[in-house]
1. Looking only at residues in region 67-93 that are assigned to a loop (DSSP other than H, G, I, E, B) and not hydroxyl-bearing (Ser, Thr, Tyr), which one is surrounded by the most Cβ atoms within 10 Å (Cβ to Cβ)?
2. Which one of these is surrounded by fewer than 21 Cβ atoms within 10 Å (Cβ to Cβ), of a type in the set (Gly, Ala, Ser), at pLDDT 75 or above and over 25 Å from the mean Cα position of the chain (by Cα): 131, 146, 156?
3. Within region 391-401, does at least one residue satisfy the condition of being small (Gly, Ala, Ser), more than 17 Å from residue 211 (Cα to Cα) and either open to solvent by 50 Å² or more (accessible area, probe 1.4 Å) or not in a strand (DSSP E or B) (or both)?
4. So the check is Cβ under 6 Å with 6+ separation or different chains; which pairs have a first residue in region 174-186 that's under 19 Å from residue 206 (Cα atoms) and a second one that's among the β-branched types (Val, Ile, Thr) and crowded, with 22+ Cβ neighbours inside 10 Å?
5. Counting just the residues of region 337-351 that are assigned to a loop (DSSP other than H, G, I, E, B) and not charged (D, E, K, R), which one comes out nearest to the chain's Cα centre (by Cα)?
6. Can you find even one residue in region 404-411 that is within 23 Å of residue 238 (Cβ to Cβ), of a type in the set (A, V, I, L, M, F, W, C), open to solvent by 10 Å² or more (accessible area, probe 1.4 Å) and in a loop (DSSP other than H, G, I, E, B)?
7. Quick check: anything in region 368-375 crowded, with 21+ Cβ neighbours inside 10 Å and either at pLDDT below 95 or more than 24 Å from residue 403 (Cα to Cα) (or both)?
8. Looking at region 28-50, which of the residues that are open to solvent by 30 Å² or more (accessible area, probe 1.4 Å) and in a strand (DSSP E or B) is nearest to residue 67 (Cα to Cα)?
Amino acid sequence: MTRNEDLFSRAQKTIPGGVNSPVRAFRSVGGAPRFFTRGEGSRVWDADGKAYLDYVGSWGPLILGHADADTVAAVQTAAAKGLSFGAPTEAEIELAELLVARVPSMDMVRLVSSGTEATMSAIRLARGFTGRDMIVKFEGCYHGHGDSLLVKAGSGLLTFGNPSSAGVPADLAQHTLVLDYNDAQGLRDAFARHGKTIACVIVEPVAGNMNLIAPKPEFLAAMRELCTQHGAVLIFDEVMTGFRVGPGSAQGLYGITPDLSTFGKVVGGGMPLGAFGGRRDIMEKIAPLGPVYQAGTLSGNPLSVAAGLVTLKKIAAPGFYEALAATTRTLVEGLAGAAKKHGVKLSAQSVGGMFGVYFAATPPTSYAEVMASDKEAFNRFFHAMLDAGVYLAPSAFEAGFVSAAHSEADIAATVAAADAIFAAG
């Protein structure tokens, strides 16, 4: 057995499935997961000492690459002063001020410890603000593991959700309406039927949890128009896209102003941190100012705040996003070009520092189109790339991430590895 396999066997005795988050288990692609021992720049090393070019980046937060020296130093300095206080710190204020300055739709923001906390809290706040119960989400969009959000669509345009996880009460799931992503007309029909009872619409403005799906402009525009018309709260889940796809996040990229936004990943610089914020009149309904309760012992943890502050300041450098987007485009164009040269049906696209690779003729625009792609072809490609020293997300239904640490040579090596795999058939 390899060291990775040995660790996986050992882990399964005390950790359910041997992992602390399901996608890490390689269940989708098969085989034993890689246990990483360290990361530096664009690379990670596993327990067997093998190096990989990393396009997961801890699922998006590491926009500066692994072990960025400034970020590590800031965390070390903060840790030396105390790991946690359970009381306010000045650094929390600085991070909140920075987030509000960078995201024009946010007048106020609250820090939490995870993206799931952020989305759960934003939905509770929207319900408390509107006095309504129903939420609208879109098939294939993941907003954390809160009960109301673990719901999938049934058959038909406006089928009410059924729980997609054991332990989610059907009575709770019935308040979640699941629609098709990128279907503006379906959204209009939903509001025509249920507009008076819809508390909020929550969406990944660029979907990243069913692989990368770019939004149709009319879809986001219709969402904003309908929420305004019917008094519902529009929530942009920017846990993944926040400061990943551009300096103003997805809402800045597409010119849509949500009422509430949720953040995670990049804002914590690789440490556990989330945030939600938005209009002042809505945010003032949160305790201790208002009746909507939300709390967290480790919210605004000084180590996470320190990492987030350094990261957000560094990515504000002139030309940062232009360079990141250009690197990511070079990657997807190279992969698509290599596939085309060898007659492999593969397409790819990117938005900022996020990308998607699909074994399909064209990039999908919906959950159904993603599911129609060739999953087995992806699994074979994933393992071949892994053998070649390239670490992609271990699922055909996850977006990939490029960091500022990825060099031209890294991208060229990645494309060359794919070219050799396609050539070998």
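The values are calculated or read from the model by the stated rules, or taken from the named source; none is laboratory data. Quantities reported herein were computed from a predicted structural model and do not represent experimental measurements. A quick note on method: Cβ atoms are made from the backbone with ideal geometry, for glycine too, and the neighbour counts reach across all protein chains shown. The area values use the complete protein model at the heavy-atom level, side chains included, leaving out ligands, DNA and RNA. Shrake-Rupley method; radii C 1.70, N 1.55, O 1.52, S 1.80 Å.
1. Only one residue tops the list, namely 68.
2. Details: 146 fails: over 25 Å from the mean Cα position of the chain (by Cα); 156 fails: at pLDDT 75 or above.
Matching residue, one of 131, 146, 156: 131.
3. Pass one, region 391-401, residues small (Gly, Ala, Ser): 393, 395-396, 399-400.
From what is left, the residues that are more than 17 Å from residue 211 (Cα to Cα) are none.
No, every residue in region 391-401 fails to be small (Gly, Ala, Ser), more than 17 Å from residue 211 (Cα to Cα) and either open to solvent by 50 Å² or more (accessible area, probe 1.4 Å) or not in a strand (DSSP E or B) (or both).
4. 178/151
5. 346
6. Yes, some residue in region 404-411 is within 23 Å of residue 238 (Cβ to Cβ), of a type in the set (A, V, I, L, M, F, W, C), open to solvent by 10 Å² or more (accessible area, probe 1.4 Å) and in a loop (DSSP other than H, G, I, E, B).
7. To start, the set of residues in region 368-375 that are crowded, with 21+ Cβ neighbours inside 10 Å comprises 370, 373.
Narrowing the set further to residues that are either at pLDDT below 95 or more than 24 Å from residue 403 (Cα to Cα) (or both) leaves 370, 373.
There is at least one residue in region 368-375 that is crowded, with 21+ Cβ neighbours inside 10 Å and either at pLDDT below 95 or more than 24 Å from residue 403 (Cα to Cα) (or both).
8. Checked region 28-50; the qualifying residue nearest to residue 67 (Cα to Cα) is 40.
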